[in-house]
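Written below as structure tokens is the structure these notes are about.
The values are calculated or read from the model by the stated rules, or taken from the named source; none is laboratory data. Just so it is clear, the structure is predicted and the values come from calculations on it, not from any experiment. Reconstructed Cβ throughout: ideal geometry from the backbone, glycine too, with neighbour counts over all protein chains shown. For accessibility, only protein heavy atoms count, side chains too; no ligands or nucleic acids. Shrake-Rupley method; radii C 1.70, N 1.55, O 1.52, S 1.80 Å.
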Amino acid sequence: MAETTRDYTRSVLSANDKKYLRELPTCARRQIGGEIFFLCHATPSDLLYEYRRPESRLWERAEDASSGATVILAGHTHLQFCRNFGERTVVNPGSLGQSKAGDPRARYAVWEEGRIELVAFEYALEQTVAKILSLPLADQIKADLIHVLRTGTVP
């Protein structure tokens, strides 16, 4: 699914779109009040591709890229969680589409006044399904994508 949708996306992006995306940073560090946030797509040690589940003991270790951060925001797995390790908190906000949490609700996280809230909510899933059905992709890829959307599980 990932390869097929990547290839389709590449085919519809303009050269300027691709240039813009290539030039985006792969991580960010921000300080808000007394908190230092490190943001990445996957993990601090592999910013784009590592698939690290919420229960992985690897989250416990300090990693050079996120050194000094008090909050690490990571994703890639689409599995929402919040775990504390001493002075450091690791958060995966989940996914606003393709949940992998066993139900189709969209998920996100809110940080406010030093507190992190994990939120899940219903969204217009069938509108997304209709858009997938209109794409020029193989029927099995469409079926698999729709399965993920409707069930929150990978086929």
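For this structure, a couple of remarks:
- In segment 38-57, residue most open to solvent (accessible area, probe 1.4 Å) [restricted to those that are in a loop (DSSP other than H, G, I, E, B) and of a type in the set (Lys, Arg)]: Arg53
So that you can scan it fast, the table gives a plain yes or no per residue for (1) among the acidic types (Asp, Glu); (2) assigned to a strand (DSSP E or B):
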position: Trp59; (1), (2): no, no
position: Gly68; (1), (2): no, no
position: Ile72; (1), (2): no, yes
position: Asn84; (1), (2): no, yes
position: Ser95; (1), (2): no, no
position: Asp103; (1), (2): yes, no
position: Val148; (1), (2): no, no
position: Val154; (1), (2): no, no
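- Being surrounded by fewer than 16 Cβ atoms within 10 Å (Cβ to Cβ), part of a helix (DSSP H, G or I) and touching a residue at least 40 places away in the same chain (Cβ under 8 Å) is a description that does not apply to Thr9.
This table checks each residue for (1) modelled with pLDDT of 95 or more; (2) aliphatic (A, V, I, L, M); (3) out of contact with any Phe, Trp or Tyr (no Cβ under 8 Å at 6 or more places or on another chain).
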| residue | (1), (2), (3) |
| --- | --- |
| Ala120 | yes, yes, yes |
| Gln127 | yes, no, yes |
| Leu135 | yes, yes, no |
| Ile146 | yes, yes, yes |
| Pro155 | no, no, yes |
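- The selection criterion, being within 25 Å of Lys100 (Cβ to Cβ), open to solvent by less than 100 Å² (accessible area, probe 1.4 Å), in contact with a strand residue (DSSP E or B) (Cβ under 8 Å, 6 or more places away or on another chain) and acidic (Asp, Glu), does not hold for Glu35.
- Segment 87-102, subset out of contact with any Lys or Arg (no Cβ under 9 Å at 6 or more places or on another chain) and more than 16 Å from Pro54 (Cβ to Cβ), residue surrounded by the most Cβ atoms within 10 Å (Cβ to Cβ): Gln98
- Number of the exception - Arg29 against (1) part of a strand (DSSP E or B); (2) open to solvent by 40 Å² or more (accessible area, probe 1.4 Å); (3) within 30 Å of Ile132 (Cα to Cα); (4) among the charged types (D, E, K, R): (3)
- Residue check, Asp103 modelled with pLDDT of 95 or more and among the acidic types (Asp, Glu): no
- Within segment 18-26, not a single residue is of a type in the set (Asp, Glu), closer than 30 Å to Pro155 by Cα, free of Cβ contacts under 8 Å to residues at least 24 places away in the same chain and not in a loop (DSSP other than H, G, I, E, B).
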